[in-house]
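**Q** Would you mind keeping the following structure in view while I ask a few things?
The values are calculated or read from the model by the stated rules, or taken from the named source; none is laboratory data. Not measured: the values here are computed from a predicted model. When we count neighbours, we look across all protein chains shown, and the Cβ atoms used for this are built from the backbone with ideal geometry, even at glycine. These accessible areas exclude ligands, DNA and RNA; they are computed on the full protein's heavy atoms, side chains included. Shrake-Rupley method; radii C 1.70, N 1.55, O 1.52, S 1.80 Å.
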Amino acid sequence: MNLFDHGRQKFPVAALVTSSEALGWQGIGAELRAHPACELEPYTSAQTEVTLALRKIPGAVVSREANGLRQNAPVNSGTIWISPSGIAEEATRISAPLSDIVHIYLSHESFAGLGDELGGSALTEQSLDYVADGRDDLIFQMGVSLVSEIRNPTSSGRVLAESLGLCIAARLAQRYSCSSGAIKPSPTAGGRDPTDPRMRRVIDYMMAHLEQPIGLNDLAAVACLSPFHFARTFRDRTGVPPHRYLSVLRLNHAKVLLAAGNRALCDIALACQFSSQTNFTRAFRIFTGVTPSEFRKSS
């Protein structure tokens, strides 16, 4: 089933504000929805869902029940709900209209081999706890980053989103799993070393594909590592996450194309994997302090 079929089937009366469905992310999907006061039909999750409230809704409470567990959670900024894959939710009631609710869907592949990566026993999605209430600042910040990427896509946003998907899966495993006591983060490789041959191959691959779509799985395959291990190792070795490294390479490539002066700004934006000229201009100004047009005039 498509990741986004989950939201369409589970929340048929909720308004879809924005979605990552058209952005080509692999292994993770995110939606921002507005929910009316209602009662949801029973639903069995086909993949793990993390729901996050971006702001407090005074007086609003979400009540839900699954596997004999009954939960009543007031809706505050940062409140999270976790629905593991395979959980059969028997009743869900939303007491008041909700806005700014983020739904994050994680594929089964996000969890595959995660126990080995974290230095512990094998993890299945079914070992995750059915959680409501409370606040997780790390998941909150990652959710905010995903919504920001949906609203203003960047040239390396796919790598960022897919990396965040693995980070969220790891966070769930470490903090919200009934087997989490056996899962401990493994030590980092330590010592930044950009000459690491695997990372050098990845950087060379980035350079050779600046004008083509690149996903986290593509980069991990070049390094012959799992996506989760690759994202962590790349940051350890270079000092920055892969999406940021790729972003800088593409913006520097844009500078070269602008200086050449023979391509339209919209063509350069699309070539450097920006979804629009507006997003390209915004990112370029942040990177250089000037707009692409101003840079071209001064070159």
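**Q** Filter region 247-260 down to the residues that are open to solvent by 50 Å² or more (accessible area, probe 1.4 Å) and over 24 Å from V202 (Cβ atoms) and list them by number.
**A** Once the filter is applied, which keeps residues that are open to solvent by 50 Å² or more (accessible area, probe 1.4 Å) and over 24 Å from V202 (Cβ atoms), region 247-260 yields A259, A260.
**Q** In contact with a Ser or Thr (Cβ under 8 Å, 6 or more places away or on another chain) and either open to solvent by less than 10 Å² (accessible area, probe 1.4 Å) or of a type outside the set (A, V, I, L, M, F, W, C) (or both): does that describe T18?
**A** No.
**Q** Quick test for you: out of H209, H243, pick the one residue that is farther than 15 Å from T154 by Cα and either open to solvent by 10 Å² or more (accessible area, probe 1.4 Å) or at pLDDT 95 or above (or both). Break it down into steps so the answer makes sense when it comes.
**A** Numbers: H243 fails: farther than 15 Å from T154 by Cα.
Of the residues listed, the single one that is farther than 15 Å from T154 by Cα and either open to solvent by 10 Å² or more (accessible area, probe 1.4 Å) or at pLDDT 95 or above (or both) is H209.
**Q** Here is a check on your reading of the model: is R296 open to solvent by less than 50 Å² (accessible area, probe 1.4 Å), part of a helix (DSSP H, G or I) and not small (G, A, S)?
**A** no
**Q** Looking at region 18-29, is at least one residue touching a residue at least 24 places away in the same chain (Cβ under 8 Å) and within 22 Å of R135 (Cα to Cα)?
**A** Looking through region 18-29, at least one residue is touching a residue at least 24 places away in the same chain (Cβ under 8 Å) and within 22 Å of R135 (Cα to Cα).
**Q** Taking region 46-85 only, how many residues are surrounded by fewer than 22 Cβ atoms within 10 Å (Cβ to Cβ), of a type in the set (G, A, S), in a strand (DSSP E or B) and free of Cβ contacts under 8 Å to residues at least 60 places away in the same chain?
**A** Qualifying residue count for the region: 1.
**Q** While we're looking at this one, here's another question. Only one of R285, R250, R237 is closer than 30 Å to A173 by Cα and in a helix (DSSP H, G or I); which?
**A** Checking each option against the conditions leaves just R237.
**Q** Determine whether T92 is surrounded by 16 or more Cβ atoms within 10 Å (Cβ to Cβ) and of a type in the set (S, T, N, Q).
**A** yes
**Q** Let me spell it out: the conditions are (1) touching a residue at least 40 places away in the same chain (Cβ under 8 Å); (2) outside any helix (DSSP H, G or I); (3) more than 14 Å from L160 (Cβ to Cβ), and R263 meets all of them except one. Which number is the exception?
**A** Tallying (1) touching a residue at least 40 places away in the same chain (Cβ under 8 Å); (2) outside any helix (DSSP H, G or I); (3) more than 14 Å from L160 (Cβ to Cβ), R263 fails exactly one: (1).
**Q** Given A169, A132, A173, which one is among the aliphatic types (A, V, I, L, M), touching a residue at least 60 places away in the same chain (Cβ under 8 Å) and open to solvent by 20 Å² or more (accessible area, probe 1.4 Å)?
**A** A132
**Q** Still on this structure, please answer the following. Would you confirm whether or not region 275-287 contains a residue that is modelled with pLDDT of 90 or more, open to solvent by 40 Å² or more (accessible area, probe 1.4 Å), under 21 Å from the mean Cα position of the chain (by Cα) and under 30 Å from A112 (Cα atoms)?
**A** no
**Q** Does R158 fit the bill of being at negative phi, within 12 Å of the chain's Cα centre (by Cα) and of a type in the set (K, R)?
**A** In short, yes.
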